[in-house]
Amino acid sequence: MKLKFKYGTTDIVFNVVFKNRKTMEIAIEPPNIITVTAPIGTKEEEILKKVESKGSWIIQKIYSFKHMQYRHIEREFVNGESFMYLGRNYSLQIEVNSEIKKTEVKLYRGKFIVKASNKNDEDIRNAMEQWYRDKSEDVITSRIKYYQRFFNIQPVNIRIKEQKKRWGSCTSKNELLFNWRCIMAKSNALDYIVVHEMCHMYHKNHSKEFWEFVASVLPDYEVRKEWLKNYGVRMDL
């Protein structure tokens, strides 16, 4: 369902999704996609009133995305191209050898070294994605073990998967799912993603209690969260 209202001279259009939850949540994705998740049965007037009260914040977020000149990264997979890993940029170096049977990727001396039988973009991209997936699994699993001392509940499983619109999620059975692109974030932002999802093992929504729990583990979580908002659009292949 779509709803809209006018804030000043700007028409704000947003999508509404109803779910079995207690609170309403407003999410904004670049460049100007607004999604409101509301409890089942919430009236349109109530939704509009809530979103209108956040009009100034919504306009500011959309403006910040425009200021960042958001665009989908068009990768060329050529020597010298920059790729992120744990918040730092590393240049790509492709070494072609026709005798290589399987494309290999490694991070060595500040560069992504890719050894391939040819310069097929799709093969190189797939190999790099697998490298990121493997690193994500290793690092995220390690960070969950590190923060486990703050939690009495343990995740039943940890999985790395394709998630276009979110960094992570926690299922009703406390299985933690993470976007493989998370590993591109700098360490403290990655830790925020990990702790955020671990806190969802206790609170399945973004209630006041949830954010208080996050703050008890990471007092500076807002700074870490802000980094993701500012740089997350660059974390892709």
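Below, the figures for the structure above:
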quantity	calculated
Identity of the residue in the range 176-215, among the small types (Gly, Ala, Ser) and either assigned to a helix (DSSP H, G or I) or at pLDDT 95 or above (or both), that ends up farthest from ILE26 (Cα to Cα)	SER187
Within the range 70-120, considering residues that are within 21 Å of ASP134 (Cα to Cα) and among the polar types (S, T, N, Q), the one most open to solvent (accessible area, probe 1.4 Å)	ASN89
Answer residue from the range 187-237, given it is touching a His at 6+ places or on another chain (Cβ under 7 Å) and not acidic (Asp, Glu) and is surrounded by the fewest Cβ atoms within 10 Å (Cβ to Cβ) among those	PHE210
Residue in the range 42-49 that is charged (D, E, K, R), part of a helix (DSSP H, G or I) and surrounded by 16 or more Cβ atoms within 10 Å (Cβ to Cβ) present	no
Which listed residue, of GLU222, GLU162, is under 30 Å from PHE112 (Cα atoms) and free of Cβ contacts under 8 Å to residues at least 40 places away in the same chain	GLU162
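The values are calculated or read from the model by the stated rules, or taken from the named source; none is laboratory data. Remember, it's a predicted structure, so these values are computed and weren't measured experimentally. Neighbour counts are summed over all protein chains in view; Cβ atoms, including those assigned to glycine, are modelled from backbone coordinates with ideal geometry. Accessible surface areas use protein heavy atoms only, side chains included; no ligands, DNA or RNA. Shrake-Rupley method; radii C 1.70, N 1.55, O 1.52, S 1.80 Å.
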